[in-house]
Structures are given as structure tokens and as C-alpha cells.
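Please treat every number below as a calculation from the coordinates, not as lab data. Because the structure is a prediction, the values reported are computed rather than measured. Because the Cβ atoms are built from the backbone with ideal geometry, glycine has one as well, and the counts that use them run over all protein chains shown.
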Amino acid sequence: MIFFLFIVVLLVAYWIFHRIFVHRKTFTGTAKLYGKTVIVTGGNTGIGKATAAQLAVRGARVILACRSKRRGEAAAQEVRRESGNDAVNFMQLDLASQKSIRSFAETFLKTEPRLDLLINNAALAAPGCTEDGLGMIFGVNHIGPFLLTNLLLERLKEYAPSRVVNVSSCGHDLGTIDFDCINTHKRLALGSSDFDLFKAYAHSKLCNVLFTHELAKRLEGTNVTCYSLHPGSVRSELARDINEWHMRIIKAIISKLGATDPVSGAQTTLYCALQENIEHLSGRYFSDSQVVQVKAEARDDGIAKKLWDISEKLCGLA
């Protein structure tokens, strides 16, 4: 009940802020992507699918990187039909398995000659551990995208100018990085209650922002740029693993408070992926298609580098 009340207060506060201060923008850029290849993780549903559809309309070769073969192939077929672009394909990727991530990257690099845009969109808020013994939220939301990005960086550099877009959340502002917890338990937080999952999710979204901050430094001079973002309060399947009754109530509240649809939620992702002349903003965080200053912890060079070093060790890149 405490968790439920907390979420209600959070949602109401967000709605008030959203209604008073935020006027969501639609991306109106005219960039065409014929001849370019993009990867969208979690592209079979929600924001990921809406993003993939818009990129397909612009002519890109789109790879939907998803865990479920059935849902991924169905989404690819739907995007092909709706966009009129036949170059939309499914490739299996389970971010909860480093073996799967490495297999995906190996197959992609062998079969696809180029990569222009990587959108790390997939995320979850689920209990349990990954195949590699990491906390599920930490493994899927941070370590998975970290490993995938690093395995594909050389191909991105070959076809620069190119971009990496990491979908984070305004929830990162409630997160913090407990390195002792990561080193001891390979998790961002302990416990499996809905409130514990919410905390771990917020911590993982802070990881996304810090990863982007450090990645930008390491990419200086390569003509590869990267951005993190908040997509907005979006009706999606993100919290499908939270207690069923809590989730039903939360979804009802979100619906009443006017949460945006996935197409609207994809607009800031599209901005970071396609907007011209934002290269000098590499490493920054965006919300509603504009740069937002993040809290000190989210732009701390020392914390970002320490997280990078630990992440390398946890996925065998060190």
C-alpha cells in the first residue's frame, strides 16, 4: 500500500508538471535514411516499435532486436506493411544473456555491411537475475546496452557520422549508484518488492545517463555521437512484471492523467537520432526534444568512469 500511495503521488506530481510546464513537441525534421542501417532494441512494442516505424518511413534498413521471435517477426511484418519499406527485419537479442548479445553482434557484423544508428531502447522493471548472475534490471537496462554498444562501436566508427541513442527516464533523477552493492551483489538495489524494483529501475536509468556521459568522452574525434533522453510518461509494457493489481491501478491512473501514446513518446528519440547540428551536444540528456541539465551525480566524471570500469569487468571486456 505504501508503494501504491508513493506511485500515485509521483504520477499526480508528474501530471501537474506536465500540464503546466511541458508542451510535447513533434519531431518535424526531414532527414531521409535511404542506404542507412539502424538497430532498435525492443523494437517489437511501445516506443521502440513506434521509433522503428518512423525510421522505416524515412527509408532506413531497420533491424528490430528483440527477445521474442514470434513477437519480433510479427512487429517487423507490421512495420513493413505500414511503412511500405521491405527492409525491416527481426534479429533475436536477449539483453539478459551476454551470450545472446555476443551472438547477435557477431551475426550482425557478418551479415550487415554497415551501421549508422544504434538505439538502445529496451528496458524492464522485473525481479530476479540474468543468465550471467546480474540483477535483472541492472543486467538488461545497463550492462546489456553497454556490451552491445561496445561490440558494435567499430562498425559505427566505420560509417560515421553515426549515433548512439540511449533511452533513459526522468526517473534517473531519483537514482543513485551504490558501487558496494554492485561489487558485492551484482545488483543496483536489494529486495524484490515493487518499491525495490522501482528503486532499481531509477538507478538503472541513472546508469544510462552516466554511460552516455562517459561514452561521449571516449568517442571524441571519431564523428560518432551519443545522447540519452526521457521519452515522457508513456503507456507501455515496461512494468509488466510488477504486481498485477498494483499495475492495473497504476495503468488506470496513468490513462486518466493523460499519459502519452508510444508515437508521441518516440519523438525525443527521433530528435536525438536525426536532428541536424547537435553533434556538439554529444553526451547530453534530452527531454521533450531539448537539452536538460541533469543533477551533479549524473554528470560526474569520476562516477561515470568508475561505472564504466565495473561494467567492463562484469561483461568480460576488461
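Provide the gained length on full extension for the span T30 to V291, in nm with one decimal, where the gain is 0.36 nm per separating residue minus the Cα-Cα distance. Spell out each step's value before the answer.
Details: separation 261, 0.36 × 261 = 93.96 nm, distance 2.04 nm.
Contour length minus the Cα-Cα distance gives 91.9 nm.
Once the Cβ-Cβ distance between K313 and T184 is put in as r, and R0 is 22 Å, what FRET efficiency do you end up with, to the nearest 0.05? In this case the efficiency is close to 0.95. Comparing Cα centroids, region 71-101 and region 287-307 end up 31 angstrom apart.
Listed by chain and number, the lysines placed with their C-alpha closer than 21 angstrom to that of K306 are K186, K199, K205, K217, K295; residues fewer than eight positions away on the same chain are left out.
Test of understanding: extend the Cα→C-beta vector of E220 to 7 Å, then name every residue of region 274-288 with backbone N under 18 Å from that spot. Backbone N within reach: 279-285.
When every Cα-Cα distance of region 155-212 is counted in 5 angstrom steps from zero, the calculated P(r) takes the values 4, 19, 21, 20, 13, 7, 9, 5, 2 percent. For region 289-295, 3J(HN,Hα) computed residue by residue from phi via the Karplus equation (6.51, -1.76, 1.60; θ = phi - 60°) reads 6, 8, 5, 10, 6, 9, 5 Hz, glycine and proline entered as x. Sorting the Cα pairs of region 103-226 by distance into bins of 10 Å, from 0 upward, gives 13, 41, 30, 14, 1 percent per bin.
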